[in-house]
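See structure below.
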Amino acid sequence: MKTAMYGIKATLPEASSGTSDPVYTEVQRRVYSLNYRIKEYDQEIAEVQKRISLVHGDREIEILHRLLDGDSMRAIGKYMKLSSTTIFRVRNNRLKQMMK
């Protein structure tokens, strides 16, 4: 306890460490969660980039490069005049092949 003026002990409680703001606490939780997810994505992207030489075929390589650039499957399909289902299938097949 702290001593107030004239040697009288203060009766008010002392502040605890940290914050009691629930919004701030939630923002901090989400930032931590997003940073963790970004780290996981970076590791996955690095693995794909290391193994892209295992993929043969111009179409498959183009799809993987566009996915690594952040394009959606629908956008890739529109650009390459293929359905998004085909893009999804090619991606899954190539990733399975690369991870063997």
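Considering only protein heavy atoms, what is the solvent-accessible area of S72 at a probe of 1.4 Å, reported in Å² to the nearest 10?
Accessible surface of S72 is approximately 60 Å².
Considering only DSSP states other than H, G, I, E and B, which trypsin sites (Lys or Arg not before Pro) in region 26-64 qualify as loop sites with at most 16 other Cβ atoms within 10 Å?
Loop-located and lightly packed - none at all.
Suppose R0 equals 25 Å. What FRET efficiency, 1/(1 + (r/R0)^6) with r the Cβ-Cβ distance, do E26 and A46 give to the nearest 0.05?
Working from the Cβ atoms, E equals 0.25.
Can you pick out the pairs among K50/K96; K50/K81; K50/K100; K39/K96 whose Cα atoms lie more than 25 Å from each other?
K50/K81
With a 1.4 Å probe and all protein chains in place, put M73, M98 in order of accessible area, largest first.
Heavy-atom accessible area, descending, gives M73, M98.
Sort V90, V27 from largest to smallest accessible area, using a 1.4 Å probe on the heavy atoms of the protein chains.
V27, V90
The values are calculated or read from the model by the stated rules, or taken from the named source; none is laboratory data. Computed from a predicted structure; not experimentally measured. Neighbour counts are summed over all protein chains in view; Cβ atoms, including those assigned to glycine, are modelled from backbone coordinates with ideal geometry. Keep in mind that these areas ignore ligands, DNA and RNA; they rest on the heavy atoms of the full protein, side chains included. Shrake-Rupley method; radii C 1.70, N 1.55, O 1.52, S 1.80 Å.
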